[in-house]
Every structure is written in C-alpha cells, then in structure tokens.
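Everything on this sheet refers to the single structure shown next.
The values are calculated or read from the model by the stated rules, or taken from the named source; none is laboratory data. What you see is a predicted model, and the numbers here were worked out from it, not measured in a lab. Because the Cβ atoms are built from the backbone with ideal geometry, glycine has one as well, and the counts that use them run over all protein chains shown.
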Amino acid sequence: MIEFARACDDIASTPAKLAKIDRLATYFRTLAPADLRAAARFVTGNPLAARDDRRLAIGYRTLLAAARKVWAFDEAAFSAGYRAKGDLGEAIASVFGAAAAPGLFAETLGPAMFAALLDGLASAEGKAVARRREALCERVFRACATPREAAYVAKILTGDLRIGLREGLVLEAIAAASACDAATVRRAATAAGDIGEVAVAARAKTLDEIAVRYFAPIAAMLATPVAFGSSYRELAEGTWLVEDKFDGMRAQAHVRGGEARLFSRTLNDISRAFPEIIAVLRAFPGDAIFDGEIVAQRDGTVLPFRYLQPRLQRVDPSPELIAEIPVRYVAFDVLALGDRFLLDEPLLERRSAGASLMLPGETFAPAPWQTLEPGATPAAIESLFEASRGRGNEGLVLKRADGPYIPGRRGKWWVKLKRELATLDVVVLAVEWGHGKRNRVLSDYTFAVRRSAGDGELLPIGKAYSGLTDAEIAEMTTWFLAHTSSPPSGRRLAVEPQIVIEVAFDIIQKSSLHASGFALRFPRIARLRPDKDPSQIDTLADVERIYREMLQREGVHE
C-alpha cells in the first residue's frame with residue numbers, strides 16, 4: 001500500500017482536477033489486474049464494491065484498540081493529532097512507530113491482499129466477528145511500513161478517504177489509463193455497480209460485455225435547490241416537467257424475473273421494511289429499475305414525513321404497523337428496461353418507455369406531472385408551488401424534459417423549489433470542530449430556546465452546521481474558544497450562551513431527543529443576530545405555536 005498512499009497524498013495536494021486524473025491514471029497503469037480492481041474501489045472511499053450490501057462495521061474504537069496493541073503511543077499525542085487534522089487516519093499516522101511485535105506479513109501489503117482480507121471479514125458471521133474486526137485491523141497495521149500506509153489503511157477501513165476525488169474523476173482516470181471512451185466507462189460503471197470491475201474491463205477492452213446488473217443500486221440523481229421568490233432564471237429555457245416534491249424517502253426499485261428489491265438513497269437494501277411494496281413489484285410483467293419516493297398515505301393523501309418515520313425504524317414491521325401506516329411507492333423515473341439502460345435517453349422518452357409498467361394503484365403509482373413551457377412567469381411557477389403546498393407536499397421538483405439521468409450528481413437538469421416553514425431566534429449552547437476542510441474551525445452549533453418569557457431555562461432543540469460563510473465561521477471560532485463554559489469533551493465544547501442566531505427549518509416535530517420536546521428537520525443558520533441578546537430569543541411557546549400552525553395547514557388534529 002506504499003504506492004497507493006503516495007498516489008493519494010499527491011492527489012490530495014493537487015487542487016486541479018485534470019492533474020488529479022492524470023496522477024491517478026499514472027498509478028493505475030502500474031497495477032496488476034487484481035490490485036487495480038481493489039485500488040479503484042479504495043480511491044472512491046469504498047472498502048467493498050458499491051453493489052456489495054455487506055458491511056465491515058469497523059468503528060473508531062475498534063481501530064484505536066488495534067492501534068494501541070501495535071504501537072505504544074502516548075494518548076495525549078494521539079488526541080493532539082486528531083485535533084490537528086480532524087481525521088482518524090491522520091491521527092493514527094501521527095503516532096506511527098515501531099511495531100510492538102514482529103510483522104505477520106513476509107510480503108508487502110498490497111491492494112489485492114488488503115481487499116481479500118476485507119472480503120473475508122465482510123463474510124464473517126457469529127459472535128466472534130467483533131474480535132475478528134480488531135484482529136484484522138491489528139494485522140494490517142503491523143504490515144504497514146510507513147505512517148502514510150497506516151493513515152490510508154485506516155481511511156479505507158472507515159470509508160473516509162478525503163483526497164478530493166469524486167467517483168466521476170476516478171472514472172475519467174480509468175478511461176485515461178486504458179485509452180477508453182469516458183462515456184463508455186461511465187455507462188459500464190452504472191451497469192456494473194463495481195468500479196473495480198470496470199477498471200479491469202476497461203484495460204481488457206471488454207466494457208461492452210458489462211450488462212445491466214439488477215439489484216446493484218445506482219447512485220440517485222439529485223436536484224439543485226432554487227430559492228423561492230427568485231427570478232427562476234434556471235427555468236427560462238426548455239420545456240420542464242413539474243412534479244410535487246413529496247415529503248418521503250427516496251428509493252430505487254429493482255424488478256427482475258419475479259424478484260424485487262428496494263434500495264435507499266444511501267444504496268442500502270430496505271426491502272424487508274416495506275413488504276407490501278415488494279409484493280406489488282414482484283407481480284410486474286417485466287424487468288425494470290425505477291427511481292421514486294416511498295411516502296406514507298391515508299385515504300389517497302400523502303402524509304408528512306413524520307408519519308413515515310415509525311416505518312423506517314422497523315426492519316420487519318408488524319401487520320399492525322403496516323395497517324396503521326400504509327405506504328405507497330411513487331415512481332418518477334425509469335432507469336432500465338430489460339437489459340437496456342435508459343440513462344442517456346431524454347426524460348420524456350424514459351417515462352414513455354416504462355409507461356406500460358407504471359400502472360396506478362394504492363401501493364405503486366407513477367408520479368403525476370404537469371408541463372411548464374418556456375418563458376413561464378415567476379407568478380405561474382409560484383402558483384404551481386402553492387398548489388403543491390396546498391396538497392400537503394413540500395414544494396416542487398422541475399425536470400428538463402430532454403434531460404438525461406446523471407447518477408449521483410446535481411446540475412441544470414433537475415431543480416427543487418422549497419420554502420422554509422419558519423425561523424426561530426435561538427442561542428448557541430455548544431459547538432463542535434468540523435470535518436474535512438473545516439476541521440480547524442468550530443462549525444457545528446447546538447442551539448436552544450427559552451422555556452418561557454419569564455423563565456430563562458435554555459432547552460436544546462437542534463444542531464445546525466450550514467448557512468454561515470467561511471469568514472463568519474472563522475470569526476465565531478475565535479469568540480467561542482475564548483468563551484468556553486466547561487472543559488472540552490472530545491470534539492465538543494460547551495460555550496457561554498451569548499451568541500444568538502436565526503435558524504430556518506422545513507419541518508418541526510415532537511421528539512424525545514431534546515429537552516424542548518421538539519426537533520427541527522433540515523435546520524440551517526439563516527444569519528447571526530448580534531442585535532439580539534439571549535433574553536430576546538424565542539420561547540417554547542413560539543415553538544409550540546409554529547407546530548400547531550403546521551398541523552392546521554396539514555388538516556391534522558392532535
């Protein structure tokens with residue numbers, strides 16, 4: 001793994017995309033097929049193939065316990081290394097030293113060997129799995145000859161590489177290394193569900209032999225947010241299909257030969273949680289891959305996300321829970337039919353191709369849509385938005401009728417239009433060091449409301465980490481470090497409750513996680529409020545009022 005680590009360090013220090021691609025392609029050309037297969041997976045941050053639904057479940061404590069057995073490091077030095085970088089792999093590299101016992105490998109640890117060990121661990125079952133995890137970590141740490149190897153072994157084990165590589169850049173590097181067409185490589189990667197397999201096939205010039213692989217989930221295409229009340233210049237050209245944005249769970253459905261499976265946005269198999277949807281999908285007359293949304297429903301009406309949550313917390317829901325919270329799969333795209341991928345086809349043609357399978361029903365239905373012609377006015381767009389909100393949905397998703405399906409990417413083809421439910425003025429109680437490029441600043445804010453106008457007790461209600469500029473975060477970091485209220489606990493610091501912020505959010509719901517009894521969904525820091533002091537922040541009564549108004553708009557009575 002020495003050369004792997006060297007290549008990753010070079011890539012991480014290179015901001016230019018073309019330079020990253022060139023360096024990775026150069027490294028790929030040096031590898032034997034087995035090492036190439038493993039290394040291509042590893043540089044995307046995945047210890048296993050994307051289509052592999054097994055999990056290593058190796059966490060911080062397991063890695064740290066193994067590292068302690070291998071190197072007699074000082075705990076304070078490790079903590080300082082972790083604080084400095086905000087990265088477990090880098091912290092382990094900072095305490096790398098001579099192994100406490102002779103290495104167990106007579107040969108250098110390489111990508112293929114490491115992949116074989118990970119495969120064995122992923123297949124392990126029984127009560128001894130936890131011990132095997134730690135033993136594997138200890139074994140590979142002993143095989144590392146340099147601190148950089150140890151850093152990247154830990155990064156791969158945790159799936160947290162952080163070298164500035166998106167999968168798209170890795171695919172371009174595979175194409176460059178093998179002198180193949182980049183579009184052909186991307187299409188093969190979508191079909192295979194294993195970038196390592198694609199890298200080997202590209203070198204062997206057998207990409208055309210990779211067919212659609214059912215039950216290997218495809219990364220979901222994403223919509224770019226558009227601010228409500230803007231000029232909507234993104235929609236000025238072309239014909240757009242307009243759909244309601246449902247408050248549900250994104251899911252991909254694979255149907256082949258009477259078998260069916262559902263996958264979440266994070267590519268996890270969630271089939272067992274929704275047996276009624278699986279039963280309907282199994283009855284389909286052909287093979288297909290759908291993209292859509294799972295929603296809670298009652299009397300034909302889509303319900304807010306909080307009604308769906310109890311279903312998400314059960315792997316095997318009881319008949320009583322299924323009856324209490326009926327669900328529907330709303331299909332809004334068709335990604336494959338039979339052995340043919342449709343990703344490069346225009347959206348209208350994809351939907352037309354799957355029309356015979358997308359039959360309306362109580363448990364499965366195509367997403368209804370309208371057409372927005374070129375030149376639509378902001379008033380017309382907002383009228384459609386208000387109609388969607390009137391149906392109890394979040395807002396709109398607008399999709400170019402001639403657009404392709406681009407897995408895992410945001411772009412100009414899909415946009416989403418939402419509006420915050422409300423904002424609250426809150427006070428910051430605690431802060432945490434960020435991750436990645438924010439590992440040296442305090443960017444995660446836990447905040448609270450007052451119990452009442454006459455009672456200053458602070459009741460936590462959520463945590464937000466987005467919305468402020470880098471300059472604002474840096475300025476606030478200096479302030480927070482000078483105003484801590486207790487010794488730090490790991491990456492978290494309790495701070496004096498003086499900083500007031502305005503927080504926007506989409507949904508408010510009851511929750512036992514916070515002392516306030518409520519939680520905010522998708523909270524974002526709208527702005528700093530230096531004009532307010534903590535005595536002027538919102539109260540629990542304000543939270544309860546917003547919650548009641550939300551229920552009234554939804555026609556729900558508690």
task = Sort out for me the strands (runs of 3 or more DSSP E) sitting completely within the stretch 310-375 that have 1 or more residues that are at negative phi and among the β-branched types (Val, Ile, Thr).
result = 327-337, 370-372
task = For Arg203, state whether it is assigned to a helix (DSSP H, G or I), in contact (Cβ under 8 Å) with a residue 40 or more places away in the chain and either closer than 17 Å to Leu372 by Cα or basic (Lys, Arg) (or both).
result = yes
message = Restricting to the stretch 408-441, and then to whatever is modelled with pLDDT of 85 or more and within 27 Å of Val242 (Cα to Cα), can you tell me which residue is surrounded by the fewest Cβ atoms within 10 Å (Cβ to Cβ)?
response = Lys412
message = Condition (residue is touching a His at 6+ places or on another chain (Cβ under 8 Å), surrounded by 20 or more Cβ atoms within 10 Å (Cβ to Cβ) and not hydroxyl-bearing (Ser, Thr, Tyr)) applied to the stretch 310-325: is it met by at least one residue?
response = no
inquiry  = I'd like to verify a number: residues in the stretch 502-519 that are out of contact with any helix residue (DSSP H, G or I) (no Cβ under 7 Å at 6 or more places or on another chain) and either within 14 Å of Pro460 (Cα to Cα) or assigned to a loop (DSSP other than H, G, I, E, B) (or both), how many?
reply    = 10
query = What are the residue pairs meeting all of these: first residue in the stretch 173-185, first residue closer than 18 Å to Glu209 by Cβ, second residue in a loop (DSSP other than H, G, I, E, B), Cβ atoms under 7 Å, and 6 or more apart or on different chains?
reply = Ala175/Asp181
remark   = Picking from Ser516, Ser511, the residue that is without any contact (Cβ under 8 Å) to a residue 40 or more places away in the chain and hydroxyl-bearing (Ser, Thr, Tyr) would be Ser511
inquiry  = Tell me whether the stretch 254-271 contains one or more residues that are of a type in the set (A, V, I, L, M), surrounded by fewer than 21 Cβ atoms within 10 Å (Cβ to Cβ) and in contact (Cβ under 8 Å) with a residue 60 or more places away in the chain.
reply    = yes
query = In this structure, is Glu394 crowded, with 18+ Cβ neighbours inside 10 Å, among the acidic types (Asp, Glu) and farther than 16 Å from Glu237 by Cα?
reply = yes
task = Name, by its number, the condition in (1) hydrophobic (A, V, I, L, M, F, W, C); (2) surrounded by fewer than 16 Cβ atoms within 10 Å (Cβ to Cβ); (3) within 24 Å of the chain's Cα centre (by Cα) that does not hold for Ala474.
result = (3)
key: When residues of the stretch 340-388 are limited to those that are of a type in the set (D, E, K, R) and crowded, with 17+ Cβ neighbours inside 10 Å, the one modelled with the lowest pLDDT   = Arg351
inquiry  = Condition first: assigned to a helix (DSSP H, G or I), more than 22 Å from the chain's Cα centre (by Cα), more than 29 Å from Arg68 (Cα to Cα) and small (Gly, Ala, Ser). Can you find one or more residues in the stretch 142-163 that meet it?
reply    = no
ask   = If you scan the stretch 520-535, which residues turn out to be part of a loop (DSSP other than H, G, I, E, B) and either surrounded by 20 or more Cβ atoms within 10 Å (Cβ to Cβ) or of a type outside the set (Lys, Arg) (or both)?
value = Phe522, Pro523, Pro530, Asp531, Asp533
ask   = Quick one: is Leu171 modelled with pLDDT of 85 or more and part of a helix (DSSP H, G or I)?
value = yes
key: Asp531 more than 23 Å from Ser443 (Cβ to Cβ) and out of contact with any Phe, Trp or Tyr (no Cβ under 7 Å at 6 or more places or on another chain)   = no
query = For Ser383, which of the numbered conditions (1) in contact (Cβ under 8 Å) with a residue 40 or more places away in the chain; (2) polar (S, T, N, Q); (3) within 30 Å of Asp542 (Cα to Cα) fails to hold?
reply = (1)
Selection status of Arg29, at pLDDT 95 or above, charged (D, E, K, R) and either surrounded by fewer than 22 Cβ atoms within 10 Å (Cβ to Cβ) or assigned by TED's automatic domain parsing to the domain that holds Ala124 (or both) = yes
query = All but one of (1) within 18 Å of Pro366 (Cβ to Cβ); (2) of a type outside the set (A, V, I, L, M, F, W, C); (3) not in a loop (DSSP other than H, G, I, E, B) hold for Gly286; which doesn't?
reply = (3)
ask   = Of all residues in the stretch 442-468 being part of a loop (DSSP other than H, G, I, E, B), touching a Ser or Thr at 6+ places or on another chain (Cβ under 8 Å) and over 22 Å from Phe522 (Cβ atoms), which is modelled with the highest pLDDT?
value = Arg451
query = Just one of Val70, Val43 is touching a Leu at 6+ places or on another chain (Cβ under 7 Å) and either more than 30 Å from Ser271 (Cβ to Cβ) or buried (at least 20 other Cβ atoms within 10 Å of the Cβ) (or both); which is it?
reply = Val43
